[in-house]
Amino acid sequence: MCANGEAKLVSLRTAFDASGKIIDLNVGPLERISLMRLLICIAHASTGGVGGDFEQVRKDVANSVEGYLDKWSDRFNLFDKERPFLQQANIEYAKEPKKLSTMDFYSPDGSYNKFFNSNIEDLVSPGNLALRLLTYQNFAPSGLCGMVFWNGKPTSKTPQGSCGDAVCTAQNAVRTYVLKNDLFSSVCANLVPRESIENGVDVQKMEFGKPCWEVDLIDQNTPAESVRNNTDTFLGRLVPISRAIKIFNEGKYLGVGDGLKYKSFPDILDFECSFRLNAKGDLYVLRCSQEKEIWRSLHAILAQEKHGASARPPWAINQIAGESVKIWAGGIITNQAKIETSIESFFQIPETINSANYQRAVLKYGELVKAADNACAALDAAVEDYKKSMKIDAKLKDKARSIYWNKLTQSQGVLMELFSDSKNSSVEESPFANTERKWERSIARAQNSAIESALPSQSSRQKCAIANAKKKLFKTKKGKKND
């Protein structure tokens with residue numbers, strides 16, 4: 001997305017324009033993650049692993065990236081004869097080639113078929129084809145993918161070819177990035193210093209490595225050092241070769257087979273993911289869910305390790321020190337090796353003076369989300385009471401829950417006021433008291449809307465049952481009334 005509001009495909013060089021002409025990516029969640037990982041990888045590789053002051057990082061990347069792209073320009077060419085971008089030149093398909101739509105999650109031949117858009121134009125242009133290939137290498141789901149001959153060796157024992165999840169598909173993890181005023185600055189804001197990577201500071205300790213385009217692969221197993229660089233190092237994992245692919249006839253069709261094997265959680269803790277401890281003390285990764293919007297887990301994303309968080313947040317989140325910041329969070333949702341959908345959310349975190357105040361707001365945010373969860377459980381009980389009194393077994397609970405959470409989603413902005421509240425220091429009451437009251441009212445309205453919209457109320461008996469359900473749901477406490 002350009003500063004003038006125009007949305008268009010741009011080159012890698014233009015994407016790294018430091019003048020602010022490109023303000024953000026105008027793509028779907030899966031493409032955003034894939035592109036951010038590519039741009040971060042290029043920025044890192046061009047500097048050798050920058051770190052330190054943000055403005056200095058911007059200068060270092062700006063001074064080095066153009067020369068780096070010049071040096072490796074042939075490796076970013078989709079149709080280079082020796083090293084085509086994210087492909088292997090020494091691949092031959094076994095029987096018949098596959099359609100290009102194999103890589104496209106938005107087409108009937110891809111996994112994401114329920115979101116097929118027949119109006120997508122120019123899908124075979126080099127720019128769009130490169131984006132589809134990049135996204136496929138990051139998000140291809142497990143299952144049958146076909147078989148090809150890579151350096152004369154079959155990629156699987158059967159023609160159907162079974163493949164595992166690609167790097168970013170595993171666990172349906174929520175991935176988070178800090179966003180700045182322009183794309184170049186956003187990339188720089190998410191660059192983990194090489195020293196932190198190699199010493200395990202705020203991220204999992206691992207070798208820095210090289211991007212996939214800087215190492216030569218002969219096949220799935222050789223050279224062993226090249227395979228290990230791609231699968232076990234920081235830069236190698238950023239742009240994966242999860243599928244052995246070659247595009248034939250300048251974009252007309254392709255061969256696809258199993259690629260390299262990449263570790264996932266719990267063996268690998270990716271830098272842009274959120275990891276928490278459950279009640280048993282077991283580590284888990286925050287996942288995308290169709291039943292739970294990302295805002296309901298925002299406190300888990302924002303909790304900083306240095307302030308006592310129970311596990312590890314995304315690296316960029318750990319660097320927030322109270323300044324106003326915009327973040328993006330999203331990812332993929334799969335079911336039995338099929339991509340069902342992708343989700344994303346943008347959040348503007350207001351300035352909070354310092355990181356201690358920021359964490360106070362994060363903790364309170366989690367408490368108020370928990371209050372909403374408890375209110376949902378109370379709503380469930382009220383719906384069950386209605387069903388018992390009416391002697392029906394209709395599936396009303398799911399409908400009521402859906403209405404309830406949809407209503408609260410519309411009020412989620414109330415919770416963001418906590419970060420502004422944290423700057424107040426009133427001695428008379430908690431700085432969050434006013435926002436807490438607003439949230440309580442939002443919860444009550446959402447409950448009431450769910451009851452009135454989900455439960456049948458045509459007969460006098462039904463109306464009486466609804467009144468009793470409301471009476472139980474909104475019973476007063478210590479003389480206080482819900483409004």
For segment 209-225, give me each residue that is over 21 Å from residue 136 (Cβ atoms) and buried (at least 19 other Cβ atoms within 10 Å of the Cβ). 209
Counted residues, segment 241-287 - those being more than 30 Å from residue 98 (Cα to Cα), assigned to a loop (DSSP other than H, G, I, E, B) and among the hydrophobic types (A, V, I, L, M, F, W, C): 6
Every listed condition ((1) surrounded by 13 or more Cβ atoms within 10 Å (Cβ to Cβ); (2) modelled with pLDDT of 80 or more; (3) closer than 21 Å to residue 130 by Cβ; (4) of a type outside the set (Ser, Thr, Tyr)) holds for residue 71 save (1)
I'm checking my understanding of the structure. Among residues of segment 9-38 that are without any contact (Cβ under 8 Å) to a residue 60 or more places away in the chain and in contact with a strand residue (DSSP E or B) (Cβ under 7 Å, 6 or more places away or on another chain), which one is surrounded by the fewest Cβ atoms within 10 Å (Cβ to Cβ)? 14
Which one is farthest from the chain's Cα centre (by Cα), of the residues in segment 277-306 that are among the aliphatic types (A, V, I, L, M) and closer than 15 Å to residue 349 by Cα? 303
Could you tell me which residue of segment 403-439 is surrounded by the fewest Cβ atoms within 10 Å (Cβ to Cβ), considering only residues that are among the basic types (Lys, Arg) and either under 16 Å from residue 293 (Cα atoms) or at pLDDT below 90 (or both)? 423
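Just to verify a result, which residue in segment 304-317, among those that are assigned to a loop (DSSP other than H, G, I, E, B) and hydrophobic (A, V, I, L, M, F, W, C), is modelled with the highest pLDDT?
Step one: filter segment 304-317 for residues assigned to a loop (DSSP other than H, G, I, E, B), giving 304, 308-311, 313-314.
Subsequent filtering for residues that are hydrophobic (A, V, I, L, M, F, W, C) retains 309, 311.
On the way: 309: 59, 311: 69.
If we take residues in segment 304-317 being assigned to a loop (DSSP other than H, G, I, E, B) and hydrophobic (A, V, I, L, M, F, W, C), then 311 is modelled with the highest pLDDT.
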Tell me, which residue of segment 318-334 that is crowded, with 20+ Cβ neighbours inside 10 Å, hydrophobic (A, V, I, L, M, F, W, C) and at pLDDT 90 or above is farthest from residue 169 (Cα to Cα)? 327
Could you tell me how many of the residues in segment 320-356 are free of Cβ contacts under 8 Å to residues at least 40 places away in the same chain and not in a strand (DSSP E or B)? 6
Which number in (1) of a type in the set (Asp, Glu); (2) surrounded by fewer than 16 Cβ atoms within 10 Å (Cβ to Cβ); (3) within 19 Å of the chain's Cα centre (by Cα) marks the one condition that residue 6 misses? (3)
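The values are calculated or read from the model by the stated rules, or taken from the named source; none is laboratory data. Source: prediction; values computed, not measured. A quick note on method: Cβ atoms are made from the backbone with ideal geometry, for glycine too, and the neighbour counts reach across all protein chains shown.
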